[in-house]
Amino acid sequence: MTSPVRMVLAVALVLLLLVMFIQLFNTSKFLSQYQSSSSWVKELEASHKEGMDSLRVEMEIAASQALEEKTRHLLQSHATEIANAKAESEQQLQAEIQRITNELHEKQSAEVEKIKSDMMTMANSSQSEQLETSRNTREPKKIPKKIAYAFNGYLGDMFSIPTALAAVFDVDNVYGVMLDASVNKSSMEILKQLIVEYVLESPNGCLTVTCVEQRVFVTKGEFSVTYGGISESLPVLDIMHMLLEFNSEWDFFINLTPFDYPLGSQEDIQKLLTKMKGQSFCGVSGGHPPSLARGLFQQRWMMNNFDPSLLKVRNPNDVERLKTIPVGLGFPDNVTDDGNGTSSVFHVYQAEAYGIFERKFCVYALTSAVTRRVIALLSRGFGSTEQLLPTIIMNQKKFKNCGFTMRGNNIASGPIWPMPSCKPSFERNRTHCNDNVESFLQNAKNSSLLFYRKFPKVPFDPVNDDATVIAAAYKSEMYRTAVRKHLLNKESEYSNIWRQTVEHKSAIRCKV
């Protein structure tokens with residue numbers, strides 16, 4: 001190897017060593033600086049640790065305050081919604097409390113009624129035991145008789161029924177109201193409500209609606225009624241049958257018109273009927289039993305009429321009477337009821353259409369062969385209501401009948417007691433009106449009548465006038481009001497005189 005080459009290699013080696021030394025020196029210097037920086041960072045961290053801790057605490061406090069402020073803001077913004085939700089919750093709670101209270105009240109009312117019924121049963125049982133014990137030592141105690149009252153009505157007169165029914169209401173009785181088939185359902189429901197309202201106001205009435213409904217039913221018949229036709233008689237048998245199915249424990253059946261009214265209290269009427277020993281009371285108000293249908297009354301049942309209500313229901317807006325339609329000649333002249341007991345199977349009798357009938361006779365009237373044949377015979381005539389039940393009761397000997405209806409009739413057989421209205425021209429002179437009422441009361445208290453028909457009708461439009469107003473007008477009618485005042489006062493002069501007169505004259509007429 002030549003010298004120049006060696007020189008170059010030597011220089012290169014020296015340079016390489018020099019470079020390596022420089023790099024080593026830089027690395028050592030970097031390590032020294034790194035160690036110095038790390039120590040500085042540690043010293044810096046140690047010197048600011050307290051400040052950093054204080055800063056962290058301040059940040060946590062600030063965050064907490066910010067959270068509280070945000071919460072307060074949200075509460076304020078939703079305060080109305082929270083209040084509404086609270087009010088709604090309170091209303092729901094009140095409604096639930098009211099529902100539970102009503103259920104408890106209804107349950108309590110039912111329990112009270114059951115207790116009353118149980119007490120009545122126990123009382124009746126006790127009375128039965130007392131009767132058995134005293135049978136051989138003294139006269140048995142008479143238990144008041146239950147009465148089944150029947151009303152038939154149509155649109156022209158039905159809203160006078162609440163006043164009449166309330167006047168004869170007693171918790172020991174039962175009541176049936178049958179309306180013409182033409183009466184609509186809404187009118188019937190209004191009548192039911194009025195009857196309940198008027199009965200609950202009655203001193204002999206019930207305390208609850210349930211009590212009334214257990215003693216009174218209101219229904220609509222399947223047929224209409226024609227004045228004077230056989231369809232006017234058949235509803236009497238229909239409602240008699242319904243009352244036996246409704247409650248068969250009554251002792252007397254009394255059919256009333258919506259314009260009839262009692263002259264004495266139910267307590268006195270019950271006591272009087274108890275003394276009558278199961279008799280029926282069919283005849284005329286003057287005290288005569290049913291008589292053989294002669295003359296005009298025979299001509300009536302021998303007519304040949306068609307009763308339109310046998311096929312059709314009357315127009316609901318028609319308040320006038322439906323009438324029978326003559327269809328030709330009547331019976332031949334040789335067809336007669338001679339009444340001598342030889343040529344007639346039974347005889348036709350004439351009396352008042354309304355009476356008081358003992359329950360066992362009612363069962364007989366609904367089931368006997370005589371009844372079916374009497375209906376067939378009278379079906380084409382006129383005025384069958386005054387002949388149907390009188391004919392049935394007079395053609396049998398099993399059941400007693402006192403020939404006295406115990407009711408007056410100011411239209412026909414009397415006694416006729418005028419009941420003039422207090423016209424507007426007399427309004428300034430109330431004495432005149434009072435004289436009319438006092439005259440009526442004087443006649444009533446000295447009679448031997450339990451009921452009187454017919455009390456005044458109140459002028460109204462049954463199609464357009466309000467039912468509540470019509471019923472109230474009958475309730476405030478002056479003759480009914482005057483009698484009702486004495487029915488509520490058993491010790492009034494009227495009540496005492498009426499009671500004594502009825503007991504005395506009825507005992508004589510019915511031979512008790």
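The values are calculated or read from the model by the stated rules, or taken from the named source; none is laboratory data. All of these numbers come straight from a predicted model, not from anything done at the bench. Glycine gets a Cβ as well: all are built from the backbone with ideal geometry, and neighbour counts include every protein chain shown. Side chains included, ligands, DNA and RNA excluded: accessible areas come from the protein's heavy atoms. Shrake-Rupley method; radii C 1.70, N 1.55, O 1.52, S 1.80 Å.
Structural remarks
- Subset of the stretch 468-492 (residues that are assigned to a helix (DSSP H, G or I), open to solvent by 10 Å² or more (accessible area, probe 1.4 Å), touching a residue at least 12 places away in the same chain (Cβ under 8 Å) and not hydrophobic (A, V, I, L, M, F, W, C)): T468, K475, R484, H486
- Sub-8 Å Cβ pairs linking a first residue in the stretch 431-456 that is closer than 18 Å to G414 by Cβ and modelled with pLDDT under 90 to a second residue that is among the β-branched types (V, I, T) and outside any helix (DSSP H, G or I), at least 6 apart or interchain, are R453/T257; R453/I411; K454/T257; K454/I411, ordered by first then second residue.
- Tally of residues being open to solvent by 10 Å² or more (accessible area, probe 1.4 Å) and either closer than 30 Å to F306 by Cβ or touching a Gly at 6+ places or on another chain (Cβ under 6 Å) (or both) across the stretch 188-217: 2
- I254 being aliphatic (A, V, I, L, M), touching a residue at least 24 places away in the same chain (Cβ under 8 Å) and part of a helix (DSSP H, G or I): no
- Restricting the stretch 318-342 to residues that are at pLDDT 75 or above and under 30 Å from N464 (Cα atoms) leaves a set whose member that is surrounded by the fewest Cβ atoms within 10 Å (Cβ to Cβ) is E320.
- The condition of being in a loop (DSSP other than H, G, I, E, B) and closer than 26 Å to L378 by Cα holds for only one of M240, M303, that being M303.
- Annotation note: of N304, N334, N317, the sole residue that is of a type in the set (S, T, N, Q) and touching a strand residue (DSSP E or B) at 6+ places or on another chain (Cβ under 9 Å) is N304.
- Just one of the listed residues (D268, D260) is among the acidic types (D, E), open to solvent by less than 10 Å² (accessible area, probe 1.4 Å) and at negative phi, and it is D260.
- Every residue from the stretch 78-89 that is modelled with pLDDT of 70 or more and open to solvent by 100 Å² or more (accessible area, probe 1.4 Å): E88
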